[in-house]
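The values are calculated or read from the model by the stated rules, or taken from the named source; none is laboratory data. Here the structure is a predicted model, which is why all the values come from computation and not from measurement. Note that we place each Cβ from the backbone using ideal geometry, even for glycine, and neighbour counts take in every protein chain shown. Just so you know, the surface numbers come from the protein's heavy atoms only, side chains and all, with ligands and any DNA or RNA stripped out. Shrake-Rupley method; radii C 1.70, N 1.55, O 1.52, S 1.80 Å.
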Amino acid sequence: MDLNPTQYDAVNTPAGPLLVLAGAGTGKTRVVTYRIAELIRNRIKPGRILAVTFTNKAAGEMQDRSAALLGRRMKTRPEISTFHSLCVRILRRNIRRLGYPASFAIYDRGDQESVARAALREIKVADGLLRPGELIYFIGRWKSASVGPSQAAATAQTDKEHLAAAAYRRYQNALKAAGAVDFDDLLLCTEELFRRFPKVRKAEADRFDHLLVDEYQDTNGSQYRIVKALAAGHRNLCVVGDDDQSIYGWRGAEVTHILRFKRDWPDAKVVRLEINYRSTREILHWANRLIAFNKLRHDKTLRATCSGQKPRILQLKDEMTESKTVVDEIALHIKQKKRQPRDFAILCRTNEQPRAFETELRRAKVPYVLLGGMSFYDRKEVRDVTAYLKLIARPHDDAALLRVINTPACGISHAAVKHLTEVAINCNKPIWDILPDAEKLGGVSARAVGAIGEFCAMIGRFRSQLKNTAPVEVLRGLIRQIAYKDELARLYPNADEQQSRWAAVEEVVNALGAYSSRTDKPTLAGFLQETALAGEQDDKESQLERNAVVLMTLHAAKGLEFTDVYMVGMEEGLLPHRRAGAAVDEERRLCYVGVTRARRRLTFTLALSRHKWGKARPTQPSRFLYELTGQTDNPNYKATGRKRRRGKGGEGKGDFI
């Protein structure tokens, strides 16, 4: 009675390979848990069933639901866990064959950095050439591609990569000598065991008669091969997933695994779950139309069980108008007590976009939570830049001074800063007031004294400039003066992370420019007051329990649903992102995920212009808007991605063409 016909079919297929294509909102978790319960009801021993997913929360939910369905009938439980937990259990039983103790340790990030630092010292790498964090980044990238120390040198291209490849072997040897593995090794060592020791693979596979894999579209290469090894004997493999929601290619997931399932298992049965219990017919019509533009996908069409309002498209003057319009609408609905704050979600493509919405939500006194990362204002690069602004506005701000006095490094040692801080405390003075006397105080090297003098002179120059120069120009000059872009390049070897962090710095400049343009007498102090940092973040689950508007990235929204969804920044360069390159299909899937989060109302917004480095630049509507609305015969759609054109629609209108 609780299952529709296709769900019933998926639950009651008794054996053999089974692919359940579970579209958004079609009851995927219900099918997995009912299938486990049905297998047990049909006399499959619970301990002979293995179900694997990606998070502890999902695993716990499956376990609890299965137990609730069976009640007293289930005296023992099936093995339901994450991939990494499964690998830990396998390795505890077998890792001695690889030269590790059964009681191996699992190293966290701090442990990894210690090992990496020792490895770099061993090959005599100077501090400035390759840092421990950089080495860990390179090793993690190699391990996610199943590249071992012996193959890393062949894949290295830059000087840093060649140094990292040389240190990789020493890093791995040190782990093994300590009887330890890192997080990536849990998958790789399991793979190696299965490859080198067929008897081990068979013994582990023989522990189970049925294997279920949730979110199969998110598996990486190692996970895919482990699943195949475990299921090869009994062939009772049920995988559940949706290729249209594969959005984690950037972290190793391969959508081809679910696309080629029938090729891997030619006798597989395919069941499509297409009845959506979440969204309205109008929302799903747009979602289906959008995702159909991806050619490499399993054919499926979501069908709704209810009707509602047609989605809206709002074209607005700029990103400030966009954020204000969205927040004002939300605030009005809450004020009229038509809806609760928790009914609303604002979905962004990048980590920088929430800044303007945070500002407006605070202004409107609308409660909100930020998911999918720390608050924009808590990011290191944002804290660094704003600390400089605080110091220029108020030199006696000790916290700001201590944060930036040697950021980027300029020759003022930690020992010198510590000594000056102790003197200031003893004299009961702000640190800034004693900096001019650094040479007389003793305990500070000549080099540090010179650097302190240059630092104070720089802050003084920018303070003077504020008297007759726009604050945004002062900030641009400051960022150039301290060469902060070079600092980000030094700290973060990943080009995408560098660009993301630099975009956050640009967003601070944009925020200051926007503040100045809407304020009669803009001051640095006024801007800093407006951008007061948000509070510390709770964990994701507890935040979602709060009665608050949810502000998050599209990636963080997967698996969630909301009554009202605003998808903002629907412009070329944002969605699809300019760095997507040929990976437009994954960007389209990301857009599809956003659309299918909405239960009753869906609004898209785009800005006619958006600030770049403090200056307004014209934008182009996202190609996905044309696809969503069936207007792909429009000349502007044909030009997307090649020639930038400004939309013609008026502010607040649905016509974005």
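List of remarks:
- Largest accessible area first, the listed residues C427, C456 line up as C427, C456 when surface is computed with a 1.4 Å probe on the assembled protein chains.
- Estimated translational D of segment 183-225 in µm²/s (Stokes, Kirkwood radius over Cα pairs; 4 °C; 1.567 mPa s): 112
- Residues whose amide H comes within less than 5 Å of that of I275, counting only those at least five positions distant or on another chain, are R303 (H built at 1.01 Å from N in the peptide plane).
- Protection proxy ranking, highest mean first, for peptides 562-568, 90-96: 562-568, 90-96, where packing is the per-residue count of other beta-carbon atoms within 10 Å, averaged.
- Each of the peptides 491-498, 76-83, 29-36 was scored by the mean count of other Cβ atoms within 10 Å over its residues; in descending order, highest first, they stand as 29-36, 76-83, 491-498.
- Note, ³J(HN,Hα) from phi for segment 512-526, Karplus 6.51, -1.76, 1.60, rounded to Hz, x at Gly and Pro: 5, x, 5, 4, 5, 6, 9, 10, 4, 10, x, 10, 4, 4, x
- For the chain, share of DSSP beta bridges that run antiparallel, in % to the nearest 5: 10
- Rounded to 0.05, the FRET efficiency of the A639 and A154 pair, given R0 = 35 Å and the Cβ-Cβ distance, is 0.25.
- Database remark: amide H of A616 closer than 5 angstrom to no amide H (H placed geometrically; neighbours at sequence offset of 5 or more, or on other chains; Pro and chain starts carry no H).
- Ranked by how many other beta carbons lie within 10 Å on average, peptides 437-448, 411-422, 543-554 from highest: 543-554, 411-422, 437-448
- Built from the Cα atoms of the chain, the convex hull projects on average onto 33.8 nm², one quarter of its surface area.
- Relative to the dominant Cα principal axis of the chain, helix 446-465 is inclined by about 90°.
- Segment 1-53 - Kirkwood radius from inverse mean 1/r over Cα pairs (Å): 11.7
- Surface exposure of segment 394-513, expressed per residue as accessible area with a 1.4 Å probe, stands at 50 Å².
- If the chain linking R461 and K199 were pulled fully straight, counting 0.36 nm for each residue of separation and taking away their Cα-Cα distance, it would gain 87.1 nm.
- Percent accessible area from carbon and sulfur atoms, segment 175-235, protein chains only, probe 1.4 Å: 52
- Cα-based equivalent ellipsoid of segment 358-506: semi-axis lengths in Å, sorted from largest, via gyration tensor: 30, 18, 17
- Once the gyration tensor of the Cα atoms in segment 1-135 is diagonalised, the equivalent ellipsoid follows with semi-axes of 43, 19, 12 Å, ordered largest first.
- What the Cα atoms of segment 88-214 give is an Rg and a Dmax of 16.1, 54 Å.
- Here is the size of segment 578-643 from its Cα atoms: Rg then Dmax, 13.5, 37 Å.
- For segment 147-210, the per residue solvent-accessible surface stands at 49 Å², with DNA, RNA and ligands left out and a 1.4 Å probe.
- Restricting attention to segment 185-331, lysine pairs at least eight places apart or on different chains and with alpha-carbon atoms under 18 angstrom apart total 7.
- Environment charge of K485, counting only residues whose C-beta is closer than 13 Å and scoring Lys/Arg +1, Asp/Glu -1: -1
- Distant-in-sequence amide H partners of A180 (H built 1.01 Å from N, under 5 Å): A105
- Derived scalar couplings ³J(HN,Hα) [segment 400-416; Karplus, 6.51 cos²θ - 1.76 cosθ + 1.60; whole Hz; x for Gly, Pro]: 5, 4, 5, 5, 10, 4, 10, 10, x, 4, 9, x, 9, 6, 4, 5, 5
- For segment 118-184, fraction of C-alpha pairs farther apart than 14 Å, in %: 53
- Other residues within the sphere of radius under 12 Å centred on the Cβ of T421, judged by their own Cβ, net out at 0 (K and R +1, D and E -1).
- With R₀ set to 35 Å, the beta-carbon distance separating I106 from K45 gives a calculated FRET efficiency near 0.70.
- Percent accessible area from carbon and sulfur atoms, segment 322-402, protein chains only, probe 1.4 Å: 53
- Between E274 and Q336, the distance separating the two model label sites (each 7 Å from Cα on the Cα→Cβ line) works out to 3.7 nm.
- Taking the square roots of five times each eigenvalue of the Cα gyration tensor of segment 268-319, the equivalent ellipsoid has semi-axes of 27, 17, 7 Å, listed largest first.
- Extension gain for E329 to Q543 (0.36 nm times residue separation, less C-alpha to C-alpha distance): 74.8 nm.
- With R₀ set to 60 Å, the beta-carbon distance separating A68 from A470 gives a calculated FRET efficiency near 0.45.
- Karplus 3J(HN,Hα) series, Hz, for segment 145-153 with 6.51 cos²θ - 1.76 cosθ + 1.60 (x for Gly, Pro): 9, 6, 9, x, x, 6, 9, 4, 4
- Ordered from largest to smallest accessible area (heavy atoms of protein chains, 1.4 Å probe), the residues K390, K143 come out as K390, K143.
- Distance-filtered residues of segment 229-256 - backbone nitrogen under 16 Å, label point 7 angstrom along N294 Cα→Cβ: 240-256
- Per-residue [θ]222 nm for the chain (sum of -39500 (n - 2.57) over DSSP H runs n ≥ 4, rounded to 500): -15000 deg cm²/dmol
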